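The values are calculated or read from the model by the stated rules, or taken from the named source; none is laboratory data. Source: prediction; values computed, not measured. For neighbour counting, all protein chains shown are included, and Cβ atoms are generated from backbone atoms with ideal geometry for every residue, glycine included.
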């Protein structure tokens with residue numbers, strides 16, 4: 001049996017090991033937040049935003065931001081049907097109603113026309129998820145938000161390295177969130193980040209993220225609201241500090257992997273890969289192949305073929321409206337259709353050309369068989 005190809009794994013060097021070791025040995029007492037604050041400062045500088053708060057997950061960061069906006073019972077939040085559960089879970093936990101709209105067939109992101117059509121007096125926010133590194137149409141979404149007085153939030157969990165023109169993913173919305181899970185372009189093991197340019201929103205999230213303790217409150221251990229505990233550990237932040245120092249290398253590595261896939265699959269009709277429209281940069285967190293309907297290749301066929309080749313590929317996210325906890329949305333045709341004929345391809349940082357050729361070989365064999 002050939003060696004198994006993982007779908008993803010992080011790039012960890014001696015720099016990450018050294019910083020994590022230092023945090024474990026010395027990051028206590030007065031130094032318990034040193035790497036945490038350094039990560040927040042350096043990541044904000046990378047994005048070009050004013051404020052950043054490191055969190056235990058992207059989901060936690062999104063929960064904090066929505067809570068700080070006052071999202072709650074009676075409110076509606078619009079987001080794409082094609083998403084991982086993490087993007088919608090905080091909406092549900094806060095008692096608001098998610099409104100699931102269809103995706104564009106090429107970028108797999110929110111359809112702005114359907115977003116505007118879905119706005120009601122109850123709409124509190126729009127969550128723009130930059131799926132697999134593809135950018136939502138931020139110009140149109142921000143204009144829609146401004147017209148209707150609705151906050152536009154960027155879920156940039158999968159979009160480190162992506163940009164809309166000269167603006168990095170996560171630098172445009174009322175706030176944005178990032179994931180540093182072990183599968184992501186940059187990792188802290190588990191972890192995330194809340195970012196914003198709004199000082200008032202930053203202040204509210206700062207208080208909510210620390211059990212409701214306002215930094216300006218003179219009384220020690222005196223919360224002023226019931227908050228949350230979504231703080232990142234200092235030792236995790238130490239790994240993140242090393243990753244931020246290497247961020248350009250990590251982003252370039254993802255783009256090189258995608259470029260090799262394009263080369264290996266060039267000349268083969270019947271599939272579409274991640275879009276990168278003119279003026280947009282795709283960080284290509286997860287290279288994805290969508291087979292044309294005429295090929296007859298389905299999600300189940302794809303999973304079987306990759307399993308037979310000992311390759312750990314992943315399914316395209318199931319539409320949220322196909323999950324048992326949400327109402328069916330058969331009108332979201334693209335979300336249902338694309339997911340049924342797509343596959344996420346392995347893309348770990350040190351993936352060599354031979355491994356990529358094995359992955360591409362599964363795809364070309366399926367195309368020929370069709």
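Figures for the structure shown
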{"quantity": "Residues (farther than 20 Å from residue 118 by Cβ and either surrounded by 20 or more Cβ atoms within 10 Å (Cβ to Cβ) or in contact with a strand residue (DSSP E or B) (Cβ under 8 Å, 6 or more places away or on another chain) (or both)) located in the stretch 318-339", "calculated": "339"}
{"quantity": "Of all residues in the stretch 353-363 being closer than 18 Å to residue 269 by Cβ and touching a helix residue (DSSP H, G or I) at 6+ places or on another chain (Cβ under 7 Å), the one that is surrounded by the most Cβ atoms within 10 Å (Cβ to Cβ)", "calculated": "363"}
{"quantity": "Count - residues of the stretch 250-272 that are touching a strand residue (DSSP E or B) at 6+ places or on another chain (Cβ under 7 Å) and either surrounded by 17 or more Cβ atoms within 10 Å (Cβ to Cβ) or within 20 Å of residue 165 (Cα to Cα) (or both)", "calculated": "4"}
{"quantity": "Scan of the stretch 291-317 for residues that are in contact with a strand residue (DSSP E or B) (Cβ under 6 Å, 6 or more places away or on another chain) and not in a strand (DSSP E or B), ordered by number", "calculated": "297, 299, 302, 313, 316, 317"}
{"quantity": "In the stretch 7-26, the residues that are part of a helix (DSSP H, G or I) and surrounded by fewer than 18 Cβ atoms within 10 Å (Cβ to Cβ)", "calculated": "14, 15, 17, 18, 21, 22, 24, 25, 26"}
{"quantity": "Helices (runs of 4 or more DSSP H) lying entirely in the stretch 27-128 (those with 3 or more residues that are assigned by TED's automatic domain parsing to the domain that holds residue 208, without any contact (Cβ under 8 Å) to a residue 24 or more places away in the chain and farther than 21 Å from residue 189 by Cβ)", "calculated": "112-118"}
